[in-house]
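Rule-based calculations on the coordinates, nothing more; no lab input. Worth saying up front: this structure is predicted, and the values here are computed from it rather than measured. FYI the Cβ positions are ideal-geometry reconstructions off the backbone, even for glycines, and counts take in every protein chain you see.
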Amino acid sequence: MPDIVSEHGCFGGVQAFYRHDSREIGLPMKFSVYHPPQAKLRRVPVLFYLAGLSCTEETFMIKAGAQRWAAQYGIMLVAPDTSPRNTGIEGADKDWDVGTGAGFYIDATQPPWSRHFRMESYVAHELHDLICAEFNADEKRIGIFGHSMGGHGALVLALRHPDRYRSVSAFAPIASPTRCPWGQKAFANYLGADKTLWESHDASELMKRRSTPFPQGILIDQGLSDKFLQEQLLPHEFEQACIRAAQPLKLRFHEGYDHGYYFISSFIEDHLAFHHGILDG
């Protein structure tokens, strides 16, 4: 059982923060869980949320306002940290877009990052299994979503581990990291020079190789006042890949919304309802 850092009553349920020793990371990791009131009585569906660059396990739970809707729909929310912390790796705290707070939800193959930066295995396997074993979670009803770097993570993990996730959505995801500066910098550091390996962690490239992997659809929301839209996020690359894969996609653009949590909190109810419709459908 992970150690409890803190617990807080919230919409009839409990917002909790935990710490545990991770075998995949090789260091202590933190994560947060919202336990809806229904979890006191039965196993409930689980929705993993992956946060963006520089965020922590607290960011989504504090800023998104998701607990109100999770309590209504009876969904457990889980948010891991965005990277290992206090790794001792030289340069890990130098840049905000590589290293601490910027794990990109992949398993690094290049030293020194490969020592601790194993976020794909941590999220898709270790944390997934811990949640199902220790809490009142229904392992057959699990979805994933995220924002920015975490939107990239949600799409990629869903496509790479379709047996683990029944539903997927994203806010302003880095939709094709092999084509944008954030992704190219991270992948060069974590994965080296092999561009074929990069493509195996690019949602747009992965989707091109699939055939309707999520027949009940994928939901993406994107603000049109997002300063990262044109250079970093590239949602149309993913849209074209979905057309090629015959994958139903609802890609919604919103005037006046930027990249932050005011945007996320404005549409969080829609995402919880979307996942509820699939996980409880």
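Data for the structure
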{"quantity": "For residue 27, distant residues with modelled amide H under 5 Å away", "calculated": "22"}
{"quantity": "Among 261, 225, 275 the positive-end extreme of the charge dipole of segment 212-281 (Cβ point charges)", "calculated": "275"}
{"quantity": "Estimated D of segment 19-169 in µm² per second, where Rh is the Kirkwood radius over Cα pairs and Stokes-Einstein applies at 10 °C, 1.306 mPa s", "calculated": "103 µm²/s"}
{"quantity": "Taking N as its residue count, the alpha carbon Rg of segment 1-104 over 2.2 N^0.38 Å", "calculated": "1.15"}
{"quantity": "In Hz, Karplus ³J(HN,Hα) per residue of segment 51-59 (6.51, -1.76, 1.60; θ = phi - 60°; x = Gly, Pro)", "calculated": "7, x, 3, 6, 7, 10, 5, 8, 4"}
{"quantity": "Per-residue HN-Hα couplings for segment 143-158 [Karplus 6.51, -1.76, 1.60; θ = phi - 60°; Hz; x = Gly/Pro]", "calculated": "x, 8, 8, x, 10, 6, 4, x, x, 4, x, 5, 5, 5, 5, 5"}
{"quantity": "Proximal charge balance of residue 242 [Cβ under 13 Å; K/R count +1, D/E count -1]", "calculated": "+2"}
{"quantity": "Nearest-20 debye value, segment 87-153 charge dipole, Cβ charges on Lys, Arg, Asp, Glu", "calculated": "80 debye"}
{"quantity": "As computed over the chain, the Cα convex hull volume per residue (Å³)", "calculated": "111 Å³"}
{"quantity": "Most mobile listed residue (164, 141, 244) in the chain, GNM with C-alpha springs under 10 Å", "calculated": "244"}
{"quantity": "Under the Karplus curve 6.51 cos²θ - 1.76 cosθ + 1.60, θ = phi - 60°, whole-Hz ³J(HN,Hα) for segment 62-73, x wherever Gly or Pro sits", "calculated": "7, 9, 7, x, 7, 4, 4, 7, 4, 5, 5, 8"}
{"quantity": "Rounded if a/c under 1.5, otherwise prolate or oblate - segment 163-281, Cα gyration tensor axes", "calculated": "oblate"}
{"quantity": "Length-normalised contact order of segment 60-107 in % [C-alpha pairs under 8 Å, at least 6 apart]", "calculated": "31 percent"}
